[in-house]
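Okay, so here's the structure we're looking at.
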Amino acid sequence: MKENTAIAVFGSHEVAEEAIKELERDGFDMKKLSIVGKDFHTEEHVMGFYNTGDRVKFWGGAGAFWGGLWGLLFGAAFLWVPGIGLVAFGGPIVAMIVGALESAVVVGGLGAIGAALYSIGIPKNSIVEYESAVKAGRFLLIVHGTAEEVRRAEELLRQNGDAQAVDAHYNDQTATADAGIF
């Protein structure tokens, strides 16, 4: 199912969390925000569960690190992704990732992250960039919504100035512009 999305790349968990809070202050529906990021605290034993219908209820040792950010989003999962490592997912993207894993979906050599992004209409060339950003320890903030909501989110994310890149992908066309190089 192709969707309209805005995707911003952030260099840190804290900066991504601030962008989410800014979108929340502007009235964005938190059920339409997703985040993907690599877990830097590999020395901790991450415990939790994925949940696609409500907010996360329990975190283990990673609670202090992830708690603030994930408390804002609906649905979350920590999964080991081959070639990347432990990756945290939050928001509607969780259902897409879990669906890809349960169905053993691989689209043209894409992994679970790529298959989920491809399923919402992200072009393959952009998927490679997003997967590379996650591998490098960056965070993807994905806004799902109508074309108007995506345009508004893209504008806010650009104004924020903390994103390393901001892209908009529309269900029938792709409009991409970078705020920086990641």
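Only one residue in Val143, Val134, Val166, Val150 is in contact (Cβ under 8 Å) with a residue 60 or more places away in the chain, surrounded by 16 or more Cβ atoms within 10 Å (Cβ to Cβ) and more than 21 Å from Glu24 (Cβ to Cβ), so which one is that?
When all the criteria are applied, what remains is Val134.
Residues that are modelled with pLDDT of 90 or more, within 24 Å of Lys21 (Cβ to Cβ) and basic (Lys, Arg), at least 2 per element: which helices (runs of 4 or more DSSP H) completely within segment 96-182 meet that? Explain how you work it out, then say what you get.
Values: elements: 112-119, 124-135, 147-160.
The qualifying helices (runs of 4 or more DSSP H) are 147-160.
Return yes when Gly60 is in a loop (DSSP other than H, G, I, E, B), at pLDDT below 85, open to solvent by less than 40 Å² (accessible area, probe 1.4 Å) and farther than 20 Å from Glu148 by Cα and no when it is not.
Values: in a loop (DSSP other than H, G, I, E, B): yes; at pLDDT below 85: yes; open to solvent by less than 40 Å² (accessible area, probe 1.4 Å): yes; farther than 20 Å from Glu148 by Cα: yes.
Judged against the criteria, Gly60 is a match.
Within segment 13-57, take every residue that is in a loop (DSSP other than H, G, I, E, B) and at pLDDT 90 or above and give me the one that is surrounded by the most Cβ atoms within 10 Å (Cβ to Cβ). Give the derivation first.
Taking segment 13-57 as the starting set, the residues that turn out to be in a loop (DSSP other than H, G, I, E, B) are 26-29, 39-50, 52-57.
When the remaining residues are screened for being at pLDDT 90 or above, the result is 26-29.
Working: Asp26: 10, Gly27: 7, Phe28: 18, Asp29: 13.
Among residues in segment 13-57 that are in a loop (DSSP other than H, G, I, E, B) and at pLDDT 90 or above, the one surrounded by the most Cβ atoms within 10 Å (Cβ to Cβ) is Phe28.
The values are calculated or read from the model by the stated rules, or taken from the named source; none is laboratory data. Just so it is clear, the model here is predicted, and its values are computed rather than measured. Cβ atoms come from the backbone with ideal geometry, glycine included; neighbour counts cover every protein chain shown. For accessibility, only protein heavy atoms count, side chains too; no ligands or nucleic acids. Shrake-Rupley method; radii C 1.70, N 1.55, O 1.52, S 1.80 Å.
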